[in-house]
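Please treat every number below as a calculation from the coordinates, not as lab data. Nothing here was measured: the structure is a model prediction, and the numbers come from that model. Cβ coordinates were reconstructed from backbone atoms using ideal geometry, including for glycine residues, and neighbour counts include every protein chain displayed.
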Amino acid sequence: MAEAEIPVPAEAGDPETMASWPTGRLLSTAARLLEHVWLDELERLGLSYAGLIVLHLLKDGPASQTELARRARVENQTMSRTLSRLERQGYVARESDASDRRRHVVSRTPAGIEAWETARNVERELFPEVGDVESLRKGLLEVIASAERLRWD
């Protein structure tokens, strides 16, 4: 894996010192470090984060560009650019919808499935065994929901 090129505080290597950090600082530091490593690994695979999201959204089957944009919460034009890049890389295919020739349906290619599975394996390698992963995920979702309420309400 590529090393993240971000400054790491001297005390970061000292678990006893880090154990005294506030939870927010631990979460923020972990998120930044993982994001850098994760993005480096995606780049190595030729994927952007947006591309990975599309490959994930297509795991249940083909979808229209408009549907993908809605589910990814991006503008249709943004999705169009992401799909164009994925198509050039051979990760997705766009075909006319048999029931409506004006509409295109996007699906993952075998190369796209392989890239998505490789990215998922990288994700598993990046995250240490933390015990009850489902509890961690539930807790993170609660933190996100709380932060969103505080920020947007």
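Roughly how big is the chain's charge dipole about its Cα centre, with Cβ charges of +1 (Lys, Arg) and -1 (Asp, Glu), in debye to the nearest 20?
Details: 21 positive and 26 negative charges, 201 e Å.
Computed about the Cα centre, the dipole is about 960 debye.
Any idea which of 141, 33, 56 is furthest toward the positive side of the dipole for the chain, if Lys and Arg beta-carbons carry +1 and Asp and Glu beta-carbons -1?
56
Just from its helices, what would the mean residue ellipticity at 222 nm be for the chain, if runs of 4 or more DSSP H residues each count -39500 (n - 2.57) and the sum is divided by every residue, rounded to the nearest 500 deg cm²/dmol?
Using -39500 (n - 2.57) per qualifying helix, the result is -19500 deg cm²/dmol.
For region 22-48 and region 135-153, what is the separation of their Cα centres, given in Å?
Taking the Cα centre of each part, region 22-48 and region 135-153 sit 19 Å apart.
Note the full-extension length gain between residue 103 and residue 140 as 0.36 nm times their separation in residues minus their Cα-Cα distance, in nm to one decimal.
Gain in length upon complete extension: 9.6 nm.
Helix hunt in the chain: which complete DSSP H runs extend at least 30 Å axially by C-alpha with mean Kyte-Doolittle at least -1.0?
Long hydrophobic helices here: 23-44.
Taking mean projected area of the Cα convex hull in nm² straight from the coordinates, which label in (1) 13.0; (2) 11.9; (3) 8.9 is the correct one?
Label of the calculated value: (2).
Which order do the peptides 48-59, 111-122 come out in when sorted by mean C-beta neighbours inside 10 angstrom, highest first?
Final packing ranking: 48-59, 111-122.
How would region 48-124 be classified by its alpha-carbon gyration tensor: rounded, prolate or oblate, with rounded meaning a/c under 1.5 and the a/b versus b/c comparison settling the rest? Don't skip to the end; give the middle numbers.
Details: a/c = 1.92, a/b = 1.51, b/c = 1.28.
Taking the square roots of the gyration eigenvalues as a ≥ b ≥ c, region 48-124 is prolate.
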